[in-house]
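Below you'll find the structure, written out as structure tokens, and then a few comments.
The values are calculated or read from the model by the stated rules, or taken from the named source; none is laboratory data. Keep in mind it's a predicted model, so treat the numbers as computed, not measured. Note that each Cβ is placed from the backbone with ideal geometry, even for glycine, and that neighbours are counted across all protein chains shown.
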Amino acid sequence: MGSGKKMWTAVLLATAVLPITAACGGEGANGEVKLRFSYWGSAARQQMTQEVIKKFEAKHPNIDIEEEFTDFGNYYETLATKVAGGEAPDVITLEIRGLREYADRGTLSDLASKVNTADIDGKVLATGAVDGKQYAIPTGVNAWSLVVDPKAIKDAGQELPDDTMWTWEQYVDLAAKITARTGGKVYGTQQSFNPAFLQIFAAQRGESFYKGNKIGISPSTLKAWWAVHRKLINTKGSPEAAKSVELGALGEDRSLFATGTGAMGMWWSNQLGAIAKKSGKNVDLLRMPKLPGATTGGMFLQPAMFYTASSKSEHAAEAAKFIDFMINDPEAGQVILSDRGLPASSKVLAAVRDKLPETDKKTLAFLDKIKGELTDAPAAPPKHASAIENILKRYTNEVLFLRMSPDDAAQKLITEANALIAG
């Protein structure tokens, strides 16, 4: 589940320009149904997906799955071009930020009653609904969390915090002490600019990222969030602004953890395994710090991704059958494991629990521990959510590099983002 690095605006507008015709999977010479399935990821994900596809085809010999696989960087541009040209795949993998874009353009089919969702938590399932229609089925869940290297913290003469009650001030202080005690060889933390971090921070102040079709975050919350970033830089708890921004654009395989030069950082919980593998460290998950007096920690479960079906598919029943298999079949789950988040289906999760790698078992134990503290999963954001992420990134950089005051940046960010949403 990566974070997109490209603007979606121009790409997605292409879907409104050309007429959409029924050009999904067809039938072979012997009446065999051909379904096109688009998804992104690594070579390892493609290999395990191909294994699952073979299992599905063995159970349904009349259905042939044609995979359309790309790396994440090219996925949405390629998908938007296909949709605009009337070549939408039958089954489409999407992230939550792209869901409303495609739903509002009539690209997606309502999957209510077509896919068995009885074993998916209702609050998680609701994230795949837009205007009362279930356009998307979540594959699995994760939570934005704090990743720590306990040994690095101990080696710096510090103690792991009590994450049930620690504050942002304590987080910044711990990071600064780690950097100081190691002489800068290990930074206390790696900064994150992910919107999920801001969403949690805002929830602790009684706000949400979006409020209807407007930005729900106040200027004071934006300024307080930027103040945490600036204080980490000023106290050397994190690298300087330029390095922090550079690291923020990289994946976990190039993080401070990966080079053994970081003790903390924020990531999606399903990335813990990859961080542990790349770093060779025994990393762990902690709750996010809290604002003193906050009534909620603001953490939430979010689907790693969704399966959706094209509204133009000539084989809607078969598309739904394939999605149902990917979500609900234990055999599929035992191959996919946590690659697309910890399985959304409680029955599949129970079936694969013992097969999960040790790090994923640790992630599952963490999510079980904090389950009662989580807020509701956010609904699909307004159109242009990806472009709004880029606006946030741009104004954050202006503040970090001291090119704009937090007051000016906050006002301009909210004005620009609301204008974009209004369209």
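Okay, here's what the table says:
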read-out	value
Of all residues in segment 63-76 being farther than 22 Å from Lys34 by Cα and not in a loop (DSSP other than H, G, I, E, B), the one that is nearest to the chain's Cα centre (by Cα)	Phe72
From the options Lys321, Lys290, residue that is basic (Lys, Arg), under 30 Å from Ala84 (Cα atoms) and touching a residue at least 60 places away in the same chain (Cβ under 8 Å)	Lys321
Some residue of segment 47-57 being of a type in the set (Ser, Thr, Tyr), surrounded by 16 or more Cβ atoms within 10 Å (Cβ to Cβ), in a helix (DSSP H, G or I) and touching a residue at least 40 places away in the same chain (Cβ under 8 Å)	yes
Odd one out for Arg394 among (1) surrounded by fewer than 16 Cβ atoms within 10 Å (Cβ to Cβ); (2) in the same structural domain as Val147 (by TED's automatic domain parsing); (3) under 19 Å from Phe197 (Cβ atoms); (4) touching a residue at least 40 places away in the same chain (Cβ under 8 Å)	(4)
Verdict on Ser220 being among the polar types (S, T, N, Q) and within 20 Å of Tyr395 (Cβ to Cβ)	yes
The listed residue being outside the structural domain of Gly341 (by TED's automatic domain parsing), of a type in the set (A, V, I, L, M), over 25 Å from Glu207 (Cβ atoms) and at pLDDT 95 or above, out of Ala276, Ala263, Ala224, Ala249	Ala263
Selected residue (criterion: modelled with the lowest pLDDT) from residues of segment 397-423 that are crowded, with 17+ Cβ neighbours inside 10 Å and touching a strand residue (DSSP E or B) at 6+ places or on another chain (Cβ under 9 Å)	Ile421
Residue that is closer than 21 Å to Thr139 by Cα and not β-branched (Val, Ile, Thr), where the choices are Asp324, Asp284	Asp324
Test for Ala176: is it surrounded by 20 or more Cβ atoms within 10 Å (Cβ to Cβ), touching a helix residue (DSSP H, G or I) at 6+ places or on another chain (Cβ under 9 Å) and farther than 30 Å from Ala387 by Cα	yes
Complete set of residues in segment 118-136 that are farther than 18 Å from Asp376 by Cα and not small (Gly, Ala, Ser)	Lys133, Tyr135
Only one of Phe197, Phe209, Phe193 that is more than 17 Å from Ala263 (Cβ to Cβ), crowded, with 18+ Cβ neighbours inside 10 Å and touching a Ser or Thr at 6+ places or on another chain (Cβ under 9 Å)	Phe193
Restricting segment 187-200 to residues that are aliphatic (A, V, I, L, M) and out of contact with any Leu (no Cβ under 8 Å at 6 or more places or on another chain), the residue that is nearest to Leu247 (Cα to Cα)	Ala196
Count - residues of segment 153-173 that are in a helix (DSSP H, G or I) and touching a helix residue (DSSP H, G or I) at 6+ places or on another chain (Cβ under 7 Å)	3
Among the candidates Ala175, Ala136, Ala203, residue that is within 22 Å of Arg100 (Cα to Cα), at pLDDT 95 or above, touching a Gly at 6+ places or on another chain (Cβ under 8 Å) and of a type in the set (A, V, I, L, M)	Ala136
Scan of segment 77-119 for residues that are within 18 Å of the chain's Cα centre (by Cα) and not in a helix (DSSP H, G or I), ordered by number	Ile92, Thr93, Leu94, Glu95
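Here's the yes/no breakdown for (1) outside the structural domain of Gln199 (by TED's automatic domain parsing); (2) in contact with a strand residue (DSSP E or B) (Cβ under 9 Å, 6 or more places away or on another chain):
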site: Thr296; (1), (2): no, yes
site: Thr308; (1), (2): yes, yes
site: Ser311; (1), (2): yes, yes
site: Ile327; (1), (2): yes, yes
site: Arg340; (1), (2): yes, yes
site: Pro343; (1), (2): yes, yes
site: Asp368; (1), (2): yes, no
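Per-residue answers, yes or no, for (1) buried (at least 20 other Cβ atoms within 10 Å of the Cβ); (2) at negative phi; (3) in contact with a Ser or Thr (Cβ under 8 Å, 6 or more places away or on another chain):
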{"site": "Met326", "(1), (2), (3)": "yes, yes, yes"}
{"site": "Ala350", "(1), (2), (3)": "no, yes, no"}
{"site": "Lys355", "(1), (2), (3)": "no, yes, no"}
{"site": "Ala365", "(1), (2), (3)": "no, yes, no"}
{"site": "Asp368", "(1), (2), (3)": "no, yes, no"}
{"site": "Gly372", "(1), (2), (3)": "no, yes, no"}
{"site": "His384", "(1), (2), (3)": "yes, no, yes"}
